[in-house]
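Novice: Got a structure for you, written out below as structure tokens; questions coming shortly.
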Amino acid sequence: MEATEARTSLGAFGEYGGQYVPETVMAALAELKDAYWRFRDDAEFSREMDDLRERFVGRPTPLFRAPSMSAELGCRVYLKREDLCHTGSHKLNNALGQVLLAKRMGKERIIAETGAGQHGVATATACALLDLPCQVYMGAEDVRRQALNVYRMELLGTEVIPVESGSRTLKDAINEAFRDWVTNVATTHYVIGSVVGPHPYPTLVRDLQSVVGREVIEQSRELEGRLPDVIIACVGGGSNAIGIFHPFIEHKETQLIGVEAGGRGMDTMAHAAPLGAGAPGVLHGARTYVMQDEHGQIVETHSVSAGLDYPAVGPEHSWLRDSGRATYVAADDDEALEAFGYLSRTEGIIPALESAHAIAYARKLCPGLDEDAIVVINNSGRGDKDVVEVARLSGRDLIAQGGA
């Protein structure tokens with residue numbers, strides 16, 4: 001199948017996607033699809049979104065030539081600075097659009113899930129701006145790892161609900177958010193934070209995040225007179241990656257590379273790389289690549305980055321993998337931690353641990369490219385949220401030091 005033939009209007013990306021959900025949710029999904037199809041072509045809705053993107057989110061974000069990386073790695077390295085968005089990541093692009101849509105639909109309450117906390121903060125921010133109550137489900141392990149973002153959500157007026165079941169990470173938070181939504185579909189909108197879940201979520205989130213790739217096309221032509229040779233982005237659920245990839249799918253001269261979480265190694269089960277080591281299955285309402293055992297049961301995953309610690313991936317990524325339009329690789333915990341420090345020292349930019357996976361792979365790839373090659377890395381978030389955890393992993397307890 002050609003990469004241009006994904007039947008997204010039907011919720012299908014080749015054999016992936018669909019709606020594998022209880023009957024009680026089908027009406028809410030149909031309502032959401034109809035509302036999105038109506039409002040995405042509505043001039044007033046588009047004007048409001050464009051205005052909020054410019055005045056509130058801070059778009060367009062810069063495409064920054066990384067001088068030290070370029071010199072050291074031997075090609076022309078650019079960073080798409082999504083870390084400069086309000087709230088510190090690309091997540092607000094999606095959350096703001098969905099909360100605005102929910103308000104137009106007459107919903108009275110917002111729920112969300114979060115892993116690294118960035119989607120939770122973005123949703124809490126959008127709800128504070130648009131005056132809707134919000135509750136966010138977050139795995140208890142991620143609550144520990146991302147205490148700063150938990151407090152940020154609470155400051156914004158959102159209730160954070162720790163989830164103690166399972167591995168106490170993103171998968172379990174999504175499970176609880178779905179249970180809530182099934183019970184309260186009439187009044188509640190569930191703001192899914194990535195390109196996962198049942199149709200129309202993978203398409204809705206992708207469209208809201210595609211502003212990133214559209215900007216890169218315009219900025220690269222302005223700065224370099226042509227499109228990049230390579231785009232690199234980390235992949236968990238896959239929203240930042242599909243946001244920068246999707247506008248480039250038709251531009252086949254640009255190579256698309258997604259970097260999954262290799263965890264403690266791809267030769268172990270302690271990773272979160274379903275595209276590299278999983279198999280097609282169903283999770284959270286969609287058919288996609290999933291980490292599962294020989295009996296088809298979902299297995300626990302591991303990543304040093306909370307936002308990549310998820311056993312599945314958005315169905316469009318599964319289709320891009322099978323079609324060959326995108327390539328998916330992995331960077332392990334140690335490589336990501338090294339890249340976290342590397343970008344901080346080299347360019348004065350502290351990346352999110354999620355984004356550090358993309359930085360890590362670029363450091364391997366770039367030395368083998370031509371010196372005129374243009375490589376764009378999606379720096380999808382800033383690393384303030386990760387500093388305490390990275391320090392702890394290196395043997396420094398910043399909280400205890402602060403208390404002393």
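The values are calculated or read from the model by the stated rules, or taken from the named source; none is laboratory data. What you see is a predicted model; the values in this text were computed from it and never measured. Please note: Cβ atoms are built from the backbone with ideal geometry, for glycine as well, and neighbour counts cover all protein chains shown. Keep in mind that these areas ignore ligands, DNA and RNA; they rest on the heavy atoms of the full protein, side chains included. Shrake-Rupley method; radii C 1.70, N 1.55, O 1.52, S 1.80 Å.
Novice: Can you quote the Å³ per residue value for the convex hull of the Cα atoms in segment 326-404, rounded to an integer?
Specialist: Here the figure is 104 Å³ per residue.
Novice: For segment 287-365, state which GluC sites (Glu not before Pro) are in a DSSP loop and have at most 13 other beta carbons lying within 10 Å of their beta carbon.
Specialist: Here the sparse-neighbourhood loop sites are E294.
Novice: Based on DSSP, what percent of beta bridges with both residues in segment 1-140 are antiparallel, to the nearest 5?
Specialist: Percent antiparallel among DSSP bridges in segment 1-140 is about 50.
Novice: Right, another one. Can you list the residues, at least 5 places off or on another chain, whose amide H is less than 5 Å from the amide H of I350, using H built in the peptide plane?
Specialist: Hits under the 5 Å cutoff: G383.
Novice: Still on this structure: Only four residue types carry charge here, +1 at the Cβ of Lys and Arg and -1 at the Cβ of Asp and Glu. Report the dipole size of segment 116-224 about the Cα centre in Debye, rounded to the nearest 20.
Specialist: Here segment 116-224 has a charge dipole of around 200 debye.
Novice: How large is the charge dipole for segment 255-399, taken about the Cα centre, if only the Cβ atoms of Lys, Arg (+1) and Asp, Glu (-1) carry charge, to the nearest 20 debye?
Specialist: Dipole size: approximately 220 debye.
Novice: Now for a separate question. Give me the Å³ per residue figure for the convex hull around the C-alpha atoms of segment 298-365.
Specialist: 101
Novice: Work out from phi, with θ = phi - 60° and the Karplus expression 6.51 cos²θ - 1.76 cosθ + 1.60, the ³J(HN,Hα) of each residue of segment 259-272, listed in order in whole Hz, and give x for Gly and Pro.
Specialist: 10, 8, 8, x, x, 8, x, 6, 8, 10, 9, 8, 8, 9
Novice: Looking at the chain only, what percent of DSSP beta bridges run antiparallel? Nearest 5 please.
Specialist: Of those bridges, close to 30 percent are antiparallel.
Novice: Rank P228, T188, G278 by how far each Cα sits towards the positive end of the charge dipole of the chain (+1 on Lys, Arg Cβ; -1 on Asp, Glu Cβ) and give me just the farthest.
Specialist: Going by the Cα projections, it comes out as T188.
Novice: A further question follows. Using only alpha-carbon positions, what ratio does the radius of gyration of the chain give when scaled by 2.2 N^0.38 Å?
Specialist: 0.91
Novice: A follow-up question, please. Please identify the GluC sites (Glu not before Pro) of segment 123-189 that satisfy two criteria: DSSP loop assignment and at most 14 other Cβ atoms within 10 Å. Which are they?
Specialist: E164
Novice: Follow-up. Enter the accessible area per residue of segment 346-391 (Å², integer; probe 1.4 Å; all protein chains in place).
Specialist: I get 31 Å² per residue for this part.
Novice: List the trypsin sites (Lys or Arg not before Pro) within segment 170-263 that fall in a DSSP loop (any state other than H, G, I, E or B) and whose Cβ has at most 15 other Cβ atoms within 10 Å.
Specialist: Answer by residue number: R226, K252.
Novice: Test of understanding: extend the Cα→C-beta vector of H295 to 7 Å, then name every residue of segment 161-204 with backbone N under 14 Å from that spot.
Specialist: Inside the label zone: nothing.
Novice: Counting only C-alpha contacts under 8 Å and six or more residues apart, can you give the relative contact order of segment 307-386 as a whole percent?
Specialist: 28
Novice: Spin-label point model (7 Å from Cα, Cβ direction): what's the Q401 to L129 distance in nm?
Specialist: 3.5
Novice: For A147, put the label point 7 Å out on the Cα→Cβ axis and report which residues of segment 95-127 keep their amide N under 19 Å from it.
Specialist: Under 19 Å, as judged by backbone N against the label point of A147, lie 115-118, 121 of segment 95-127.
Novice: In a GNM of the chain with a 10 Å cut-off on Cα contacts, which of H295, H90, H271 has the highest mean-square fluctuation?
Specialist: H295
Novice: Under a plain spin-label model, where a point goes 7 Å from the Cα along Cα-to-Cβ, how far apart in nm are E154 and D34?
Specialist: For the pair E154/D34, the computed spacing is 4.1 nm.
Novice: For the chain, modelled as a Gaussian network with Cα springs under 10 Å, which listed residue fluctuates most, S380, S46, S355?
Specialist: Result: S46 has the largest fluctuation of those listed.
Novice: Using modelled amide H (1.01 Å from N, peptide plane; none on Pro or chain starts), what sits under 5 Å from the amide H of V313, excluding residues fewer than 5 places away?
Specialist: It is Y289, by chain and number.
Novice: Check Y78: other-chain or 5+ apart residues with amide H under 5 Å from its amide H, H built from backbone geometry?
Specialist: A66, V375, V376, I377
Novice: If packing is taken as the average number of other Cβ atoms within 10 Å across a peptide's residues, how do 301-307, 184-190 rank, most packed first?
Specialist: Top of the packing list down: 301-307, 184-190.
Novice: Which value, in debye to the nearest 20, gives the size of the charge dipole of the chain about its Cα centre, when Lys and Arg are +1 and Asp and Glu are -1 at the Cβ?
Specialist: 580
Novice: Quick one: pull the percent of accessible area on segment 183-282 belonging to carbon and sulfur, 1.4 Å probe, ligands and nucleic acids left out.
Specialist: 50
Novice: Next question, about the same structure. Please name which of F56, A95, G296 has its Cα lying farthest along the dipole of the chain towards the positive end, using unit charges on Cβ (Lys, Arg +1; Asp, Glu -1) and the Cα centre as origin.
Specialist: Projecting each Cα onto the dipole axis, the largest value belongs to F56.
Novice: So what does the Cα-only Debye profile of segment 244-297 read at q = 0.24, 0.31 Å⁻¹, as log10 I(q)/I(0), no solvent term?
Specialist: -0.95, -1.13
Novice: Can you work out the Karplus-derived ³J(HN,Hα) for every residue in segment 229-244? Use 6.51 cos²θ - 1.76 cosθ + 1.60 with θ = phi - 60°, whole Hz, and x for glycine or proline.
Specialist: Computed from phi, the couplings for segment 229-244 are 7, 9, 10, 10, 8, 6, 9, x, x, x, 6, 5, 5, 5, x, 8 Hz.
Novice: Going by average Cβ neighbours within 10 Å, how do the peptides 144-153, 283-292, 53-62, 109-118 rank, with the highest at the top?
Specialist: Listed from highest to lowest mean packing, they are 109-118, 283-292, 144-153, 53-62.
Novice: Given a cut-off of under 8 Å on Cα pairs at least six residues apart, what relative contact order in percent is computed for the chain?
Specialist: Worked out over the chain, it gives 20 percent.
Novice: Separation between the A279 and A27 pseudo-spin-labels, each 7 Å from Cα along Cα→Cβ, expressed in nm?
Specialist: In this crude label model, A279 to A27 measures out at 3.8 nm.
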